[in-house]
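The values are calculated or read from the model by the stated rules, or taken from the named source; none is laboratory data. Everything numeric in this text was worked out from a predicted model, so none of it was measured. Positions of Cβ are backbone-derived with ideal geometry, glycine not excepted, and every protein chain shown enters the neighbour counts.
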Amino acid sequence: MKDYYTTSNVGRAKYIVSFHDGLSKHKDGSKFYGIRIFKSKVKMNEFIDSLIASGYKEKSA
């Protein structure tokens, strides 16, 4: 299952989007999340829109 979640104000990073493509895994079998860091909320929202168009769903906490 493709999923993503967002965090904000982590260290010097303003906005972070972590996403899992449904396939990537660590050696122990856990999900491997890629990350993208953004300075602008507009650019972050554009990236999230592209993820949604690719079939990603927001992961609930």
> Of the residues that sit in region 1-22 and are of a type in the set (A, V, I, L, M) and modelled with pLDDT of 95 or more, which one is nearest to Ser54 (Cα to Cα)?
Replying inline: Val17
>> Condition first: in a loop (DSSP other than H, G, I, E, B) and either under 11 Å from the mean Cα position of the chain (by Cα) or among the polar types (S, T, N, Q) (or both). Now tell me which residues in region 1-31 satisfy that.
In response: Lys2, Asp21, Ser24, Ser30
> Between residues in region 1-25 that are exposed (fewer than 14 other Cβ atoms within 10 Å of the Cβ) and residues that are assigned to a loop (DSSP other than H, G, I, E, B) and among the hydrophobic types (A, V, I, L, M, F, W, C), which pairs lie under 6 Å by C-beta distance while being six or more apart or on different chains?
Replying inline: Gly22/Met1; Ser24/Phe32; Lys25/Phe32
>> Among the residues that make up region 36-58, is at least one of them at pLDDT below 95, within 10 Å of the chain's Cα centre (by Cα), surrounded by 12 or more Cβ atoms within 10 Å (Cβ to Cβ) and in a loop (DSSP other than H, G, I, E, B)?
In response: no
